[in-house]
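Below is one structure, written out as structure tokens; the observations come after it.
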Amino acid sequence: MLSSEEKLQRFSESVYQDAQNQCNALIEEAKKKASAETDIFETECLEAAYKTIKKQMSVILRTANEKVSKAEIESKSALLLKREEIMKEVFTGVLQKISAWKQTKDYENYLLDAAEKAKNLGGENGITVYLTLSDAQFAPRIEEACGVKTVVSDTDDLIGGICVLVNNTNKVFDLSFAMRLSEAREEFLKSSGLTL
């Protein structure tokens, strides 16, 4: 049989062992709880950082897009100005050459030939030939040589050439230099690569 002292010793060891087990269990539970709370806090921090990064990326992309758009607008504006400058230079030269050509006998022959060919457009209805104001002196010659009626515009909008109205109809054939220059302008834009 065990002595009282041995019993006390065993009891003491048993209590100490229970206390140690409880203490170890509490420590383990505290570690798990601390680890779980650390994981939650870490996740919250990562989510906050992700949101901040995403927001900043959105701001950066928007700013970059605005800069690109602004640069595109500026370059298109510069191209438009340069295109207009080139076209003005080219077509001013063309108008000067037309003006010089209109002073020659070849131009009168051109008008007579154009009016003669235009007679076929009218058939039995006949035609009326419209001339620009600066070509008024050619009207009597065209009427006499081609047997058509002429009307002189009160402006120089046609620049030169003729515009033909088929009598008793609404058919108009614009053979004026203004129309040809307009068509040439469009073709120039296409072929020059200066379109926007």
Considering the zone a paramagnetic label at LEU133 would reach in this model (a point 7 Å from Cα along the Cα-to-Cβ line), which residues of the stretch 146-162 have amide N under 13 Å from it? 152-159
For the stretch 12-34, list residues with backbone N below 20 Å from a point placed 7 Å from the Cα of CYS45 toward its Cβ? 31-34
Reach of LYS149 by Cα under 18 Å, taken over aspartates and glutamates that are not fewer than 8 positions away in the same chain: GLU108, ASP113, GLU116, GLU124, ASP135, ASP174
Per the rule of 0.36 nm per residue minus the C-alpha distance, extending LEU80 to THR104 adds in nm 5.0 nm
Any idea of ARG185's accessible area? Nearest 10 Å², probe 1.4 Å. 90 Å²
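For the stretch 48-196, give the percent of accessible area contributed by carbon and sulfur heavy atoms, probe 1.4 Å, rounded to a whole number.
Ligands and nucleic acids excluded, carbon and sulfur give 56 percent.
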Mind listing the long-range amide H neighbours of LYS149? Cut-off is under 5 Å, sequence gap 5 or more, other chains count too, H placed in the peptide plane at 1.01 Å from N. ILE127, VAL129
Write down the accessible area per residue of the chain in Å², having rolled a 1.4 Å probe over the full set of protein chains. 74 Å²
Which of these, ILE60, ILE73, ILE86, has the largest mean-square fluctuation under a Gaussian network model of the chain (Cα springs below 10 Å)? ILE60
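The values are calculated or read from the model by the stated rules, or taken from the named source; none is laboratory data. All of these numbers come straight from a predicted model, not from anything done at the bench. Using ideal geometry, Cβ is built from the backbone for each residue, glycine included, and neighbour counts are taken over all protein chains shown. To get the accessible areas, we keep the full protein, side chains included, count just its heavy atoms, and leave off ligands, DNA and RNA. Shrake-Rupley method; radii C 1.70, N 1.55, O 1.52, S 1.80 Å.
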